[in-house]
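The values are calculated or read from the model by the stated rules, or taken from the named source; none is laboratory data. Given the structure is predicted, the values throughout are model-derived calculations rather than measurements. Methodologically, a virtual Cβ is constructed for each residue, glycine included, from the backbone with ideal geometry; neighbour enumeration extends over all protein chains shown.
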Amino acid sequence: MEIKAQQSYLRISPRKLRLIVKELKGFSLDKAISSLPFVIKNGSSEIEKVLKQARANAVNNLKLDEKKLFIKEIQVGAGPTLKRGRPVARGMWHPIKKRTSHIRVILEV
């Protein structure tokens, strides 16, 4: 049985989130949630929120035991990019890309 949770349009680059997610694949859910506060990266709190959301879906909706849950799949996809810019010398413009992310978690018993 699969339990899903998703967070969309996070204002953090997918590249930064993938560094954290790469380490969590295959962990038990409790171990992953307890280890994330010690990760010194900006996106760790956002990933922790999605994992807690998936745990709440499993416990409240499907009445599953949270001790038996593990992370089957966790994906970070690219969302839309906000295009901004900065004026520079001689009337030119340098683009600034503000990237967004989508996090998708699938848990299994």
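Picking from residues in the range 66-88 that are at pLDDT below 95 and of a type in the set (Lys, Arg), the one that is nearest to the chain's Cα centre (by Cα) is 72.
Residue-wise test of (1) among the acidic types (Asp, Glu); (2) under 17 Å from residue 109 (Cα atoms); (3) in contact with a Leu (Cβ under 6 Å, 6 or more places away or on another chain).
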| residue | (1), (2), (3) |
| --- | --- |
| 14 | no, no, no |
| 25 | no, yes, no |
| 40 | no, no, no |
| 44 | no, no, yes |
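For the range 83-90, the criterion of being of a type outside the set (D, E, K, R) and at positive phi is satisfied by no residue at all.
Only one entry in 97, 63 is modelled with pLDDT under 95 and among the basic types (Lys, Arg), namely 63. The residues on offer are 24, 64, and the sole one that is in contact with a helix residue (DSSP H, G or I) (Cβ under 6 Å, 6 or more places away or on another chain), touching a residue at least 60 places away in the same chain (Cβ under 8 Å) and not aromatic (Phe, Trp, Tyr) is 64.
Name every residue in the range 26-49 that is closer than 20 Å to residue 77 by Cβ and among the acidic types (Asp, Glu), in order of residue number. Selection gives 46, 48.
Hey, among the residues in the range 79-100 that are among the small types (Gly, Ala, Ser) and touching a Phe, Trp or Tyr at 6+ places or on another chain (Cβ under 8 Å), which one's farthest from residue 13 (Cα to Cα)? The extreme case among them is 85. Among the residues making up the range 23-53, those that are more than 13 Å from the chain's Cα centre (by Cα) and among the β-branched types (Val, Ile, Thr) are 39, 40.
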